[in-house]
Amino acid sequence: MNAIIEIDNISKQYEGGTKALDGVSLSIDQGEIIALLGPNGAGKTTLISIICGLVTPTGGTVRVGGHDIRKDWRAARRLIGLVPQEIALEPFEKVMNCVRFTRGLYGMPPDDAYIERILRALALWDKRDAATRELSGGMKRRVLIAKALAHQPKVLFLDEPTAGVDVALRREMWQVVGELRREGVTIILTTHYLEEAEEMADRVGVINKGNLLLVRPTAELMGEFGAKTLTIELDSPLDAVPASLADRGLTLTDGGRRLDYEYDAKADRTGIARLLGDLAAEGVSVRDVSTRQSNLEEVFMSLVDGNKEGAA
């Protein structure tokens, strides 16, 4: 698949010495969804702002659709739609006119049929003649998405698009994202709702302190870094883990009614069969067992915490 965004050794250092990005390189394929995760101040928004031409990098190059964002900025910018974190709309303008105006800014001919399609997809059609100041916060965020899509971009940046949005609206928005992906639009998102990234993204990139720690397919990342936990429910509560099993990494929880055992699912031997046998030998009666895979939030925190330790 062809890369639509090519980021090569991008860095950004502000006056005063603050380094927001430190040699970030990344290639993003056409039609994929990639999630950029990182704590506040990690550099995610700075990277997006550089690609969109809003911030000038200190070093490195970025190409969008083969166009250098600095040498051929007009062609590069025409390919990009941006939904920013901040809600900034003309308060007295009608929703329909807001979207029409944005389309015109990119030199696109009027196309009310296309704008109607966007507004209907975002459940905004009934609000088309409403002034934006009359809308709820969630509705205003939908208008931002409609404006970003007005000129039919090939790349869509979503910077915390569902912040402050209720669950129902969040689901509707991700349905729109899924449809855009099917149409070949490349989507780059930042989000604090890590379950969204886990469900929607083809790949996940983790940024911390201006460094891109890794970029992996979501399933591969979960398989490599996601530990599994075996939960053993007991017939009778224990006061403590049996002394003979003290070195097995067992954690007693739920008032002594449950044992948790973390293991590597990829290992040749997980130790589960031996553990259950040893519990039986100790006279510990097991009621039920279940397993749980680490979620993306746990994987993310382990990567960021590991990066902190490495920098210490």
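The values are calculated or read from the model by the stated rules, or taken from the named source; none is laboratory data. Small disclaimer: the values here were computed from a predicted structure and weren't measured. Positions of Cβ are generated from backbone atoms using ideal geometry, with glycine treated the same way; all protein chains shown enter the neighbour counts.
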query: Does Arg74 qualify as being charged (D, E, K, R), at pLDDT 90 or above, part of a helix (DSSP H, G or I) and farther than 30 Å from Lys127 by Cβ?
result: yes
statement: Of the residues in the range 230-263 that are of a type in the set (Lys, Arg) and closer than 14 Å to Val286 by Cβ, the one that is surrounded by the most Cβ atoms within 10 Å (Cβ to Cβ) is Arg258
message: Only one of Val64, Val95, Val99 is touching a helix residue (DSSP H, G or I) at 6+ places or on another chain (Cβ under 6 Å) and within 30 Å of Leu221 (Cβ to Cβ). Can you tell me which?
response: Val64
field: Enumeration of residues in the range 94-124 that are in a loop (DSSP other than H, G, I, E, B) and farther than 19 Å from Glu134 by Cβ
entry: Tyr106, Gly107, Met108, Pro109, Pro110, Asp111
Search result, residues across the range 40-68 that are in contact with a Ser or Thr (Cβ under 8 Å, 6 or more places away or on another chain), assigned to a loop (DSSP other than H, G, I, E, B) and surrounded by 21 or more Cβ atoms within 10 Å (Cβ to Cβ): Pro57
query: How many residues are farther than 14 Å from Lys140 by Cβ and either touching a strand residue (DSSP E or B) at 6+ places or on another chain (Cβ under 8 Å) or not charged (D, E, K, R) (or both) if we restrict to the range 84-125?
result: 17
task: Check Glu196 against each of (1) at pLDDT 90 or above; (2) of a type in the set (Asp, Glu); (3) crowded, with 17+ Cβ neighbours inside 10 Å and name the one condition it does not meet.
output: (1)
Selected residue (only one of Ala273, Ala281 is at pLDDT 85 or above, over 25 Å from Leu36 (Cα atoms) and not acidic (Asp, Glu)): Ala281
